[in-house]
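This report refers to the structure that appears directly beneath it.
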Amino acid sequence: MAERRAEAILLVALLLLGCSGHLVPVTEAVWLTIPSSGTKCVSEEIQSNVVVLADYYIVDEEHAHLHTATISSRVTSPYGNNLHHNENVTHGQFAFTTSEAGNYLACFWIGGKHQEAAGLTIGLDWKIGIAAKDWESVAKREKIQGMELELLKLEGAVQAIHDNLIYLKNRLSLSNMLNEHFH
């Protein structure tokens, strides 16, 4: 009976998450083509006190044989604080906990002497919030597995949805207050 109840809770939670997936911070993996001269940037609006992890790497197989193909990167906070800067690498990582809410910007450009006309392709795996949590370590530490671990993940996802809804509500209230004041 307890197992059926856990399965029902899991099913309801999955349906909830499916309906409101845009409210839960998730993993985003993208490929970016960096122009031969210039910069390619991606941004994400993130609330404060959220863990962010990312890996980036050259995936351009055409230039894999060239050891001179490198990229450089910079990640900045909404207020322009430098959170990560790396020059002339084939891959890299960054990790931080946000200190302010807003758009976080990650920019990439071709480093070194590599100047191909077509540019260079990189992969970016960006994990935010609950998606950045190391669930294997949690499972070992708490000595849990299977359904119990899945329920713990769902609890974290529900908490992330709740926190995000409060953030959106507060942002909307502030926006309404500013509109009333200036109109």
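Key figures
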quantity	calculated
Filter result for the condition that a residue is modelled with pLDDT under 85, under 22 Å from Ala29 (Cα atoms) and open to solvent by 80 Å² or more (accessible area, probe 1.4 Å), over Asp134, Asp60	Asp134
Failed item in (1) open to solvent by less than 70 Å² (accessible area, probe 1.4 Å); (2) modelled with pLDDT of 90 or more; (3) out of contact with any Leu (no Cβ under 9 Å at 6 or more places or on another chain); (4) not β-branched (Val, Ile, Thr), with Tyr104 passing the rest	(3)
Condition check for Tyr79: in a loop (DSSP other than H, G, I, E, B), modelled with pLDDT of 90 or more and either aromatic (Phe, Trp, Tyr) or open to solvent by 60 Å² or more (accessible area, probe 1.4 Å) (or both)	yes
Inter-residue pairs, beta-carbon under 7 Å, first within 26 Å of Val89 (Cα to Cα) and in a helix (DSSP H, G or I) and in the range 119-146, second of a type in the set (Val, Ile, Thr) and modelled with pLDDT of 70 or more, 6+ apart	Ala132/Val51; Ala132/Val52
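The values are calculated or read from the model by the stated rules, or taken from the named source; none is laboratory data. All values derive from a computational prediction rather than experimental measurement. Because the Cβ atoms are built from the backbone with ideal geometry, glycine has one as well, and the counts that use them run over all protein chains shown. In case anyone asks, the SASA skips ligands and DNA or RNA and just uses the protein heavy atoms, side chains included. Shrake-Rupley method; radii C 1.70, N 1.55, O 1.52, S 1.80 Å.
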